[in-house]
1. Listed residues Lys35, Lys43, Lys107; which is assigned by TED's automatic domain parsing to the domain that holds Glu145, under 23 Å from Glu148 (Cβ atoms) and touching a helix residue (DSSP H, G or I) at 6+ places or on another chain (Cβ under 9 Å)?
2. Kindly provide the set of residues from region 224-259 that are surrounded by 19 or more Cβ atoms within 10 Å (Cβ to Cβ) and either at pLDDT below 95 or within 21 Å of Cys155 (Cα to Cα) (or both), ordered by number.
3. Hey, any hits in region 51-62 for a residue that's out of contact with any Cys (no Cβ under 9 Å at 6 or more places or on another chain) and modelled with pLDDT of 95 or more?
4. For region 157-174, check the following and say yes or no: at least one residue is surrounded by 16 or more Cβ atoms within 10 Å (Cβ to Cβ), more than 16 Å from Ile4 (Cα to Cα) and in contact (Cβ under 8 Å) with a residue 40 or more places away in the chain.
5. Restricting to region 33-50, name every residue that is closer than 23 Å to Arg104 by Cα and part of a strand (DSSP E or B).
6. Could we say that Arg30 is farther than 23 Å from Asn163 by Cα, outside any loop (DSSP other than H, G, I, E, B), of a type outside the set (Ser, Thr, Tyr) and at pLDDT below 95 here?
7. Val126 versus (1) within 21 Å of Cys10 (Cα to Cα); (2) part of a strand (DSSP E or B): which is the lone unmet condition?
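The values are calculated or read from the model by the stated rules, or taken from the named source; none is laboratory data. Bear in mind that the values here come from a model prediction, so they are computed numbers and not experimental data. Glycine gets a Cβ as well: all are built from the backbone with ideal geometry, and neighbour counts include every protein chain shown.
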Amino acid sequence: MEPIVYDNNCLLSHSISRQYSSTLNAVSERDYPGKNYFDQSIKCLDMDSYERDQATGNEDSTVDAVIGICNYANNRTVNQRLLLVELKMGYSSPNNLSKTQFERKVKHTRDLLGNEKPINSNSVFVFNDKFAPIAQHWLSAKQHEGGEIRHCRACSTAYFNENVKSPESIPYRPIHTKDSIESTLNVHIERGDFQQLLSTLDYWLQQSENIWYSNRFEYEHVKNIIKEFWITFRNQHPRLENDEDELNAQIMDEDIQTRLR
């Protein structure tokens, strides 16, 4: 699940929203009263209610909710689309998880939504924070079997709330500014201490790896700074005079390509 911005305007322009718009938290409250898992501002399509009213005796399974999302690039929102969200916060054992059920819910919901709006290729199943890693492991194993399950993603409520941002929170305010990161690197260039420069770069690579899951906005921010810095450095220093420094720089060339996703 990439960092995204929820887009209520996209959601509310779908025809189903005329009668079946709600909020993600209100839909969650039906099964998990008093928990307030989600931002109250996130609008959604209440798919269970829509299916119940429209099924006329042939009710099938849907995901719980559909929200509108978009990306943020160059100071504007782009790529508006719908995201299917299934709420599974009450699960505590993988024994009750079903590949067939996951796939049926997603497929039927996609059929109901039709072609009015683009639909995100991946669907999200949200679990409680404790059980989410187990669900992710189960889902990863099932994805090898093929089918729609390959496009299902599991995450925790904490991860969802960290990575589905409100429009008001954009542009993202980074924890580590570009100047603060670059200053820790440039000081070693000024001293000609390339060994320490590479060590500090490795530190920032580790930092980015540590936040890849928990804060993808910060990860993308740090990743871009590291890549830009290293391209500039290697253009200015295509080969370091010290053979050991150059060997380590070549290793860093590869690390930046492989460790930054």
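1. Lys107
2. Hits for region 224-259: nothing passes.
3. So in region 51-62, the residues out of contact with any Cys (no Cβ under 9 Å at 6 or more places or on another chain) come out as 51-62.
With the extra rule that they be modelled with pLDDT of 95 or more, the set shrinks to 62.
Yes, the conditions are met somewhere in region 51-62.
4. no
5. Cys44, Leu45, Asp46
6. no
7. (1)
Residue-wise test of (1) assigned by TED's automatic domain parsing to the domain that holds His221; (2) among the hydroxyl-bearing types (Ser, Thr, Tyr); (3) touching a Ser or Thr at 6+ places or on another chain (Cβ under 7 Å).
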{"residue": "Glu29", "(1), (2), (3)": "no, no, no"}
{"residue": "Met47", "(1), (2), (3)": "no, no, yes"}
{"residue": "Thr77", "(1), (2), (3)": "no, yes, no"}
{"residue": "Leu82", "(1), (2), (3)": "no, no, no"}
{"residue": "Leu97", "(1), (2), (3)": "no, no, no"}
